[in-house]
Amino acid sequence: MTLDARSVTLHLGLLAVLVVLGFVLPTYHQGNLARILVLATYTIGYNVLFGYTGLLSLGHAMFFAAGMYGCGLVMHLGGWPVLPALLMGLVCAAALSAVVALLALRTIGVAFMIVTLMFAQAVYLTVLYLGAWTGGDEGFVIAQASRQIAGFALTDPLTRYFAALMIFAVALLITARMMQMPFGRVLIGVRENEERTQMLGYDVFRHKLLAVIISGTIAGGAGAAYAILFGYVGATFASVQYSIFPLLWVLLGGMGTTIGPLIGVAFMFYLIDYASGLTNAYMLIAGAVLVLLTLFARAGIVGEIRNRWVPWLP
């Protein structure tokens, strides 16, 4: 079996398992997994930029928030149906990512991190400043009656789960295919040795620009999906912590791996969920586990599996 065939089999097999889990899991875990799938989609977007291209952003929450508010506001204030609102969220995230890319890519290294962080803070403060429309710190709730597609209510746990799975599947398969194409190979080349990639004749700036736009658009799609599926839009999702989370999830799952984002989000989600049932100091347990993983699994969970036992993992 060729490497590409193994990759396709792995991804389709993973999606098949997730389909089955939607029918057999109890409602509590079904809801948790739906949330994990949406956040894993967000992390897939971040992984395109950090894991594959090597650009460390500290402001990705602005793209997630752009999709969330772009979608949520037109539904909340304009009464738009779900699909046009989702498209609006994608457009807002793509437009913001293009603007940020054109400005931030004038810098490199630590300066790039700082610039993305500054842009994210500007977006966060804008959300608070426009509190009359955005709801400020409190945010707003999207009416349940408007959260349906073709008669299917997205408030229903099973429908919501499969909607989240569909969004995750699209992001996963697009990213996996992109990394098998010349464009994806160039992104990896930029990550490994940008100067050499440029010497080979590739337009490094254009590839990095497209990487930021693709990454931001996927993140914005996840934000729009979160607003639609869970019915809440709030300024917390534009804050610094939601820029740190995808970095943490990518490092946990394995940067530069296609299934790493899902594993990282699921691991962190259930680690905190389990630890919080044991003690109020659950973040201490979570922190200790993360330190151990950092020391003994530096490539992340999937990355270590690839390095030690299954070298063909994408």
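At L173 and L158, where each label point lies 7 Å from the Cα along Cα→Cβ, what is the point-to-point distance in nanometres?
2.3
Work out from phi, with θ = phi - 60° and the Karplus expression 6.51 cos²θ - 1.76 cosθ + 1.60, the ³J(HN,Hα) of each residue of the stretch 173-188, listed in order in whole Hz, and give x for Gly and Pro.
Each residue of the stretch 173-188 in turn: 5, 5, 5, 4, 5, 4, 6, 8, 8, x, 4, x, 5, 5, 4, 5 Hz.
Run the numbers for L292 and L3: contour at 0.36 nm per residue of separation, minus the present Cα-Cα distance, in nm.
Details: separation 289, 0.36 × 289 = 104.04 nm, distance 3.18 nm.
Length difference between fully extended and current span is 100.9 nm.
Efficiency by 1/(1 + (r/R0)^6): what FRET value for L77 and I188, r their Cβ-Cβ distance, R0 = 41 Å, to the nearest 0.05? Show your work: numbers first, answer last.
Numbers: r = 42 Å, r/R0 = 1.03.
According to the calculation, E is roughly 0.45.
In sequence order, what are the phi-derived ³J(HN,Hα) couplings for the stretch 259-275 according to the Karplus relation 6.51 cos²θ - 1.76 cosθ + 1.60 with θ = phi - 60°, rounded to whole Hz, with x for glycine and proline?
Per-residue couplings from phi come out as 9, x, x, 5, 5, x, 5, 4, 4, 5, 4, 7, 4, 5, 4, 6, 5 Hz.
What is the list of residues in the stretch 47-74 whose amide nitrogen lies under 18 Å from a point 7 angstrom out from the Cα of Q198, following Cα to Cβ?
53-56, by backbone N distance to the label point.
In whole angstrom, how far apart do the alpha carbon centroids of the stretch 4-21 and the stretch 136-182 sit?
That distance is 19 Å.
Quick one: longest stretch of the chain between exposed loop chymotrypsin sites (Phe, Trp or Tyr not before Pro), exposed meaning at most 15 other C-beta atoms within 10 Å and loop per DSSP? Don't jump to the answer; show the numbers that get you there.
On the way: sites that count: W309, W312.
Longest run free of exposed loop sites: 1-308.
Amide H to amide H under 5 Å from Y232: which residues, 5+ apart in sequence or cross-chain, H placed 1.01 Å off N in plane?
I142
Mind listing the long-range amide H neighbours of Q148? Cut-off is under 5 Å, sequence gap 5 or more, other chains count too, H placed in the peptide plane at 1.01 Å from N.
Counting only residues 5 or more places away or on other chains, the set is V82, L154.
Laboratory data are not the source of any read-out in this text; all were calculated from the coordinates shown. Just so we're clear, the structure is a prediction, and the values are computed from it rather than from any experiment. Backbone-built Cβ (ideal geometry, glycine too); neighbour counts: all protein chains shown.
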